[in-house]
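J.: Once you've had a glance at the structure underneath, I'll fire off some questions.
The values are calculated or read from the model by the stated rules, or taken from the named source; none is laboratory data. Predicted, not measured: the structure shown is a model, and the values here were computed from it. In this analysis, Cβ positions are derived from the backbone assuming ideal geometry, glycine residues included, and neighbour counts consider all displayed protein chains. Note: accessible area is taken over every heavy atom of the protein model, side chains too, but ligands, DNA and RNA are not part of it. Shrake-Rupley method; radii C 1.70, N 1.55, O 1.52, S 1.80 Å.
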Amino acid sequence: MSAVKEVRRVSVTKVRPASYIIHKRIDLSPWDLKPLGYEYIQSGFVFTKQPLLKKFDNMIAHLKTSLSHNLDHFFPLAGRLDFQKHEDDGTISVYINCNSEGAEFIHATAEISVDDILSPAYVPQSIIDLLFPLNGVLNHEGHSQPLLSIQVTELLDGIFIGCSANHSVCDGTSFWQFLNSWSEICRLSGIHTPDRPPVFERWFMSDRDCPLRLPSSFAEKLLAIKNPTTSDPINLPLHNCAERCFHFTKTSIAKLKATVNSEMVSETKAGMLISSLQAVLAHVWIAVTRARRSLNVDYNENEETLFGLMMSNRTKFIPPLSETYFGNSITFGMVMAKDDEVLTRGSGFLASLLNEVVKSHCDEKIKSSIKSWIQKPFILTFGGVANKNLVARNSQRFDMYGNDFGWGRPIAIRTGRNGKSSGITSVSPGPDEGSIDIEILLPTEVLQAMENDAEFTEAFST
């Protein structure tokens, strides 16, 4: 593999909704406002090049056309963010201006092979960066930047589709709903209406909260936020770190769950239903802590480590929100355990902690959190995960490998650098049914210690 890889942009196009121009305002909810200081969502697909794809220009044209038809149904992604100043009290509101200005579509070529992306033990971030648009762009910049940008790169022996979407317009559930619909329209080669159309009406505590009025200082502080990953020359959140994807098969997950359940009995918590993901994350948590202890790095037996989970609110509300609610509806849940407890009490104990935070995620807690934020709104900024904490994002329930654009399923999923720092764990379904991929970013020496940990490595396949 050559030391320097280059991507050449062939064309950059604005893609608008196909059938009609939308003029609509969608006011952002507290869930949408919180991520304004964060970076765009980024996920991408790796495809092998097949005989069907020899006419690449025709394929690009078809992708644009199908995207345009899909934007008929997901029109907010073709708009821009905007601010309204209320003269009566000096407050401001933030909303999506659905003006059909257009999503961005980039056609590119690269002297990069599928093997360059997938064969290295560690994710080749310098290559992945070239395959995604809007690296380092913050969500509040959506007033001037497209809310959706897609880069389709023709590789030497494959195709990479890198998608970046504004996280104040959609969360992971909405993002994958959009992609599933686009791939289906492209595959069917015709106008298609989603079986479960997206719901754009935002949830608010009461009618008087829409639009949500914020202090004018909120906008000033927001627009002053700079991204540390782009403003700092050594790129602190990723500095001295590496990322690796660990693949857990259906069989290995079943073994981990059996171990957890046996330990749950000894913890007198028999009968607690532990999910596959909770069992896997508990196993990873122990391995990271054990690696840190072996290196005497970020380990203190009496110090607590936080494990954060991003959880959807849709089914937790009373009554529940629609599964196709298009916007942000996520809550950050967290558990804490001392390093010594992590290693001595084991996976059953940790899985039960993760299980309890998920079970406690309820209507009352969600609404209480929203009320507190409305009373005293604050801006969350991207500065990386504090100290040695771990955070799991995304979900193995998202239909990632079902995105067949007409030339077969993707062979791999990769995430961009946006939102990443040491401790960030990206969860996705594996390519095989029932499997889970855990993509984790950690200091390189910690990852290497994990790879030499037989107790950890026997539970996943390389």
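J.: Got at least one residue in the stretch 263-286 being without any contact (Cβ under 8 Å) to a residue 60 or more places away in the chain and either of a type in the set (Gly, Ala, Ser) or closer than 20 Å to Thr444 by Cα (or both)?
T.: Yes - at least one qualifying residue is present in the stretch 263-286.
J.: Would you be able to say whether some residue in the stretch 223-230 is of a type in the set (A, V, I, L, M, F, W, C) and modelled with pLDDT of 95 or more?
T.: For the stretch 223-230, residues of a type in the set (A, V, I, L, M, F, W, C) and modelled with pLDDT of 95 or more: absent.
J.: So which of Ala258, Ala337 ends up being open to solvent by less than 40 Å² (accessible area, probe 1.4 Å), of a type outside the set (Asp, Glu) and more than 20 Å from the chain's Cα centre (by Cα)?
T.: None of the other options fit; the residue is Ala337.
J.: List the number of the failed condition for Ser181; all other conditions in (1) open to solvent by less than 20 Å² (accessible area, probe 1.4 Å); (2) hydroxyl-bearing (Ser, Thr, Tyr); (3) outside any helix (DSSP H, G or I) hold.
T.: Checking Ser181 against (1) open to solvent by less than 20 Å² (accessible area, probe 1.4 Å); (2) hydroxyl-bearing (Ser, Thr, Tyr); (3) outside any helix (DSSP H, G or I), the one that fails is (3).
J.: Exactly one of (1) in contact with a Phe, Trp or Tyr (Cβ under 9 Å, 6 or more places away or on another chain); (2) open to solvent by less than 10 Å² (accessible area, probe 1.4 Å); (3) within 19 Å of Leu179 (Cβ to Cβ) is unmet by Ser29. Its number?
T.: (3)
J.: Still on this structure, please answer the following. Give, as residue ranges, the helices (runs of 4 or more DSSP H) completely inside the stretch 344-462 that count at least 1 residues that are out of contact with any Cys (no Cβ under 9 Å at 6 or more places or on another chain), within 30 Å of Tyr299 (Cβ to Cβ) and open to solvent by less than 10 Å² (accessible area, probe 1.4 Å). Quick ask: steps written out before the conclusion?
T.: Values: elements: 363-375, 444-451, 454-457.
Those helices (runs of 4 or more DSSP H) span 444-451, 454-457.
J.: Let me ask something else. I need a count of the residues in the stretch 307-334 that are aromatic (Phe, Trp, Tyr), surrounded by fewer than 19 Cβ atoms within 10 Å (Cβ to Cβ) and in a loop (DSSP other than H, G, I, E, B).
T.: Looking only at the stretch 307-334, we keep the residues that are aromatic (Phe, Trp, Tyr), and these are 307, 317, 325-326, 332.
Imposing the further condition that a residue be surrounded by fewer than 19 Cβ atoms within 10 Å (Cβ to Cβ) reduces the set to 317, 332.
Filter once more, so that each one left must be in a loop (DSSP other than H, G, I, E, B): 317.
So the answer is 1.
J.: Still on this model: In the stretch 25-77, how many are part of a loop (DSSP other than H, G, I, E, B) and modelled with pLDDT under 95?
T.: Going through the stretch 25-77 one residue at a time, the tally reaches 5.
J.: Return the residues of the stretch 288-301 that are more than 23 Å from the chain's Cα centre (by Cα) and either on the phi > 0 side of the Ramachandran plot or among the aliphatic types (A, V, I, L, M) (or both); say none if nothing qualifies.
T.: First, the residues of the stretch 288-301 that are more than 23 Å from the chain's Cα centre (by Cα): 289-301.
Result: Ala291, Leu295, Asn296, Val297, Asp298.
J.: How about the stretch 6-18: which of its residues are part of a loop (DSSP other than H, G, I, E, B) and either exposed (fewer than 12 other Cβ atoms within 10 Å of the Cβ) or touching a Phe, Trp or Tyr at 6+ places or on another chain (Cβ under 8 Å) (or both)?
T.: Glu6, Pro17
J.: Thr381 - would you say it is of a type in the set (Ser, Thr, Tyr), within 14 Å of the chain's Cα centre (by Cα) and within 30 Å of Pro30 (Cβ to Cβ)?
T.: No.
J.: I want to confirm something. Restricting to the stretch 94-138 and keeping residues that are small (Gly, Ala, Ser) and open to solvent by 30 Å² or more (accessible area, probe 1.4 Å), which single residue is modelled with the highest pLDDT? Walk me through how you get there before you give the answer.
T.: So in the stretch 94-138, the residues small (Gly, Ala, Ser) come out as 100, 102-103, 108, 110, 113, 119, 121, 126, 136.
With the extra rule that they be open to solvent by 30 Å² or more (accessible area, probe 1.4 Å), the set shrinks to 119, 121, 126.
On the way: Ser119: 96, Ala121: 93, Ser126: 93.
Ranking the candidates gives Ser119 first.
J.: Among the residues of the stretch 185-229, what is the count of those that are open to solvent by less than 40 Å² (accessible area, probe 1.4 Å) and either of a type in the set (Ser, Thr, Tyr) or free of Cβ contacts under 8 Å to residues at least 40 places away in the same chain (or both)?
T.: Count: 3.
J.: Among (1) over 22 Å from the mean Cα position of the chain (by Cα); (2) of a type outside the set (Phe, Trp, Tyr); (3) open to solvent by 20 Å² or more (accessible area, probe 1.4 Å); (4) farther than 27 Å from Lys367 by Cα, which single condition is Met264 missing?
T.: Among (1) over 22 Å from the mean Cα position of the chain (by Cα); (2) of a type outside the set (Phe, Trp, Tyr); (3) open to solvent by 20 Å² or more (accessible area, probe 1.4 Å); (4) farther than 27 Å from Lys367 by Cα, Met264 violates only (3).
J.: Anything in the stretch 32-74 that is open to solvent by 10 Å² or more (accessible area, probe 1.4 Å), touching a residue at least 60 places away in the same chain (Cβ under 8 Å) and more than 29 Å from Ala412 (Cβ to Cβ)? List them, or say none.
T.: The answer is Lys34, and nothing else.
J.: Please work out which one of (1) in contact with a helix residue (DSSP H, G or I) (Cβ under 7 Å, 6 or more places away or on another chain); (2) outside any loop (DSSP other than H, G, I, E, B) is the condition Tyr299 fails and give its number.
T.: Just one mismatch for Tyr299, condition (2).
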